[in-house]
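One structure is given below, encoded as C-alpha cells.
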C-alpha cells in the first residue's frame, strides 16, 4: 500500500543527527526483519551520513550500479563521478524542507526542496538491499503559470509520443507501461480527463521549473481544455528512453522511466524521471519530475525538422 508521510514524521526520520547509527557501509547490505519502507528509509539515513562525512566506501555501498544524479542545471553525473566528488552531492542536499516519502513496494521516493530547487530521490530494492537509483533536481522559477487554458492554435500530429514512442520494450511490463504513456499523451492532446485520471495515482505530483502540480491540478486543466474545444499542442517527442522494472521478475510492481524529451516548439531538451506503480491491475504514474538540460544544444521545432 502506498504511504505518504507527513512533514513532521519525515523530519523525525531524516533531519536529526541522532538518527544516524551504525557503520555507513555495512548497513546497506541487508534489510533484515525491517519492513520494506523502514529499510528504505534506513538506507536513506545511512546514505545521508556517508555523504556528509565524505565517506567513499559508504557511498559506494549505497549507490546502485546504474545510479545517476541530474542537478538543477540538467547536468548528469554517473555513480563513478559522484564517488569521486562526494562534496558536490553533500552540498546539494543541505537545507532540505517540505520532505515527503512515497512507498511503492520495491521503490521508495523522497521529494522536497533544497537550494532553491525541488528534488526527487529514488531508492530501489535489489536482492542485496536498498540502493539509491536516481536523483533529479529541478530549479524553481517563481511567478510562472503552470498551464494556460487558452487554445494553442497549433496544428501538427502527435506520432511521437502519442502513437509510436521510439523504444523497444524488453518485458511485458515495459510494453504495458509504454502503451499507457502513449495513451496518456493522447488524452492530453485530445483532452480526456476521465481516461487520463485512471492511469495516474491520486497523490502524484508533476514537477517542472514552473510548479509542483497535483493530479487534481492536471485533471482540472484537461477539463478546461476539453471545454474550450481549441487545438492543443501535441506532446513533446521522446528522444531516448530507459525503463527499469523492480519487484518479482515475472511480475514487477514498480518501474522507473528515464527519458530525454524535445520541446514540440523547439528549445532545450529536458530530462524526465517517472516512477510507475502497479495498482488495481494496471500501471499508473506515481511521480514525475523534469529538468531542462541547460548545456545541451537547442532542438528545432517539430515542424521544421
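Results, tabulated for the structure shown:
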read-out	value
Residue in region 13-34 that is surrounded by fewer than 21 Cβ atoms within 10 Å (Cβ to Cβ) and either assigned to a strand (DSSP E or B) or at pLDDT 85 or above (or both) present	no
Residue in region 171-189 that is at pLDDT below 95 and either in a loop (DSSP other than H, G, I, E, B) or more than 24 Å from residue 302 (Cα to Cα) (or both) present	no
Count - residues of region 201-211 that are farther than 27 Å from residue 299 by Cβ and assigned to a strand (DSSP E or B)	0
Residue within region 77-99 that is over 23 Å from residue 270 (Cβ atoms), assigned to a strand (DSSP E or B), at pLDDT below 95 and not assigned by TED's automatic domain parsing to the domain that holds residue 278 present	yes
Yes/no for residue 252 being without any contact (Cβ under 8 Å) to a residue 40 or more places away in the chain and surrounded by 14 or more Cβ atoms within 10 Å (Cβ to Cβ)	no
Region 239-260, residues that are in contact with a strand residue (DSSP E or B) (Cβ under 8 Å, 6 or more places away or on another chain) and farther than 19 Å from residue 284 by Cβ	239, 240, 242, 260
Region 100-110 - residue that is in a strand (DSSP E or B) and in contact with a helix residue (DSSP H, G or I) (Cβ under 8 Å, 6 or more places away or on another chain) and, of those, farthest from residue 278 (Cα to Cα)	100
Any hit, region 212-227, residues being at pLDDT below 95, assigned to a strand (DSSP E or B) and surrounded by fewer than 18 Cβ atoms within 10 Å (Cβ to Cβ)	yes
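Each row is one residue, and each column tells you yes or no for (1) modelled with pLDDT under 95; (2) assigned to a loop (DSSP other than H, G, I, E, B); (3) under 20 Å from residue 222 (Cα atoms).
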position: 130; (1), (2), (3): no, no, no
position: 145; (1), (2), (3): yes, yes, yes
position: 150; (1), (2), (3): yes, yes, yes
position: 155; (1), (2), (3): yes, yes, yes
position: 161; (1), (2), (3): no, no, yes
position: 165; (1), (2), (3): no, yes, no
position: 169; (1), (2), (3): no, yes, no
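The values are calculated or read from the model by the stated rules, or taken from the named source; none is laboratory data. Only a predicted model underlies this, so the values are computations on that prediction, with no experimental measurement involved. With ideal geometry, Cβ positions are generated from the backbone for all residues, glycine too; neighbour counts draw on all protein chains shown.
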